[in-house]
Structures are given as C-alpha cells and as structure tokens.
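Computed from the coordinates by the stated procedures, all read-outs in this text should not be read as laboratory data. Predicted, not measured: the structure shown is a model, and the values here were computed from it. Every residue, glycine among them, receives a Cβ derived from its backbone with ideal geometry; neighbour counts consider all protein chains shown.
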Amino acid sequence: MKDFKGRTAVLTGAASGFGLECARIAANLGMNVVMVDVQADAMAKAQAEIEALAAPQGGQVIGRLVDVSKADAMQALADEVKARFGAPHFVFNNAGVAAGGLVWEHSLKDWEWVVGVNLWGVVHGVRLFTPMMLEAAAADPAYQGHIVSTASMAGLLSPPNMGVYNVTKHSVVTLSETLYQDLSLVTDQVHAHVLCPFFVPTGIHASHRNRPADMTEADAKPTRSQMIAQAMSDKAVNSGKVSAAEVAAKVFDALRQNQFYIYSHPQALSSVQTRLDDVVQGRNPTDPFVDKPWLGEQLRAQLRGA
C-alpha cells in the first residue's frame, strides 16, 4: 500500500500502545479510523485525540467498545464497518493481554481470558474481514488490503514462566504465516503480516486492569510464580528503550514494502536462531539464561523458595 488517504483502518486495542500509535499515523495520513477497545475511559480520550488529528485530513473516526474475544460483538463491528466504509484496507488485530506464571498453575479462567483475547480476537479479525477484503479485491483491481496481527517474540521463543502467553503468541504467528500462504494462492491484492515485538512500554503488563469479572476465579490469589512473573514483566516492559511510536512506524513501513515479519528488536533474533538450531539438530532446548546466568539462578532460587 502506497496511498493511504481515504482508505480505512480498523484497529483493535486502539486506546493505548501500538494500536493508539498506529491510529495516530493513520489519522495523519488521512485514513478513516475505526478504533476498538474495551476500556471506556481510555477509549474516550484516545478517540477525541484521533478525531482532532483526522479532521484536517478529511478522515472519519469511530470508536467502539468491543471485547474481541466475543464472536457476536466482532460480527456486529464487521457489519458496521462494511456498511459505513466498505471493506477496510488495513486491519490491525492488535488487542492483547498478558499473564505469567508456571504453566500448570494457570487456572481455567486464565486460559479462557488470555486465549480469548490473544488468539480468538485475531481469529475473529481474520475470519470476518478477510472475505470482505477479498470481495473488494475481486471488484476493484486497484484495491490493496493488509491484515497485521500482533504476536510477540514470545511467539518465536518459549521463555519460561510465561506459558499461557507463549501458547497464544505462537498461535498468532502460525495463523499469520498460514494466512500469508493461503492469500498468496488466491490473490495478489490482500496481504498478511505479523508483528513480533520484544519488550516495549505499551501497558500490556497491566492488562489485568481490563480483565472481566467473569474471567476471574472466585477468591483467586496469585501463586508465587505468578507474582514473580508480574514483577519481572513490570520491570522489563517499563525499561524498554524502543517506543510504541517507533514500532507503529515500522508497521506502516511494512505495509508500504509488503514485509511480512515486523520486529521491534531485530537483535533478539539470535535467540530465535538458537531455538531453530535446537529444533533442527534435535537437541534439548537451550537454557534461555545462557547469556545471563545470574538471572536464571535468581529465578530458580525465587521459585524454589530459597
């Protein structure tokens, strides 16, 4: 995609982080912007900002409070987008939540919540908007569509004490790769991309603030591993040196260049290479703390109660 003005962007998780930064870019480029989030106060503030940015460029902005894990709510969103703007040109399946801890300590509600947002949210975005985009492509040879889904470097690695999150992000990577391959069989006009960020200050470490009451076990208390994971996540995310705005710029560069994999920290790919070598050579998974053994020793000590 080279010309953005007058095109339509649908962004989930649009009230903060990557979603908000991409909405800012889209508005400044003259796009119509459909903002989707679950946090009402953050959405109201973000929508007002994006409307102010879009107005001079002639873009329209709508904001909707939608739980992306809910099929009916996402269907209603897709129907509204099509009725108002037609098929979107950019769909950013970005909404995500995080939960850490030893993999067997995740409750059923933990799994339902994280899988619901991180995986089902992407599934709904793909299944609802892809047919719409393919229909538009068939009707207009000039149409170009892009579907970007936010995974994580945790979708290319398997860091410890992050089980449920890792599972969902690996799923988003393979879903996106398969979507890329499937689209290439049927069209040259609709494209898939996957965003794999590392630690970026987006607020995802505090995503529990939006966890629905029905997705929480009654009287549930965090385990030792979950408290450790939360503390580590808080520190890692808040200390990130690459900003969400920089990552959003990379997303739009990828749209222009039709680049599939989008990384915030390309230097982290050395760990991905090590994992792939483990797989190909059939060796046991490499210690993730091989370059920082003191961190591994600290985590083991904490988990074992030393």
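Details
- For the chain, a simple Cβ point-charge model (Lys and Arg +1, Asp and Glu -1, everything else neutral) yields a dipole of about 460 debye relative to the Cα centre.
- Span from the region 25-54 Cα centroid across to the region 88-135 one, whole angstrom: 21
- Ordering Gly121, Gln39, Leu65 by the projection of their Cα atoms onto the charge dipole of the chain, which places +1 on the Cβ of Lys and Arg and -1 on the Cβ of Asp and Glu, puts Gln39 at the extreme positive end.
- Note on the chain: with a GNM built from Cα contacts shorter than 10 Å, the maximum mean-square fluctuation among Val38, Val194, Val290 falls on Val290.
- Selected from Gly282, Gly19, Gly163 as most flexible by GNM, with the chain as the system and alpha-carbon contacts under 10 Å: Gly282
- Candidates Asp72, Asp41, Asp188: whichever shows maximal mean-square fluctuation once the chain is modelled as a Gaussian network with Cα springs under 10 Å: Asp41
- For Val61, residues with placed amide H under 5 Å, excluding near neighbours: Val33
- Nearest-0.05 FRET efficiency for Lys70 and Glu135, computed from C-beta distance (R0 22 Å): 0.35
- FRET efficiency for Ala301 and Tyr180, using Cβ-Cβ distance with R0 set to 41 Å, rounded to 0.05: 0.45
- Extended-chain gain in nm, criterion 0.36 nm per residue less alpha-carbon gap, Arg84 and Ala220: 44.6 nm
- Long-range amide H partners of Ser264 with built H, under 5 Å: Cys196, Phe198
- Annotation: amide H of Arg7 within the under-5 Å range of Asn32, sequence separation 5 or more or interchain, hydrogens built in the peptide plane.
- The chain - mean residue ellipticity at 222 nm from DSSP helices (-39,500 (n - 2.57) per run, n ≥ 4, rounded to 500): -15500 deg cm²/dmol
- Pairwise FRET efficiency - Glu49 versus Ala213, Cβ, R0 = 30 Å, nearest 0.05: 0.55
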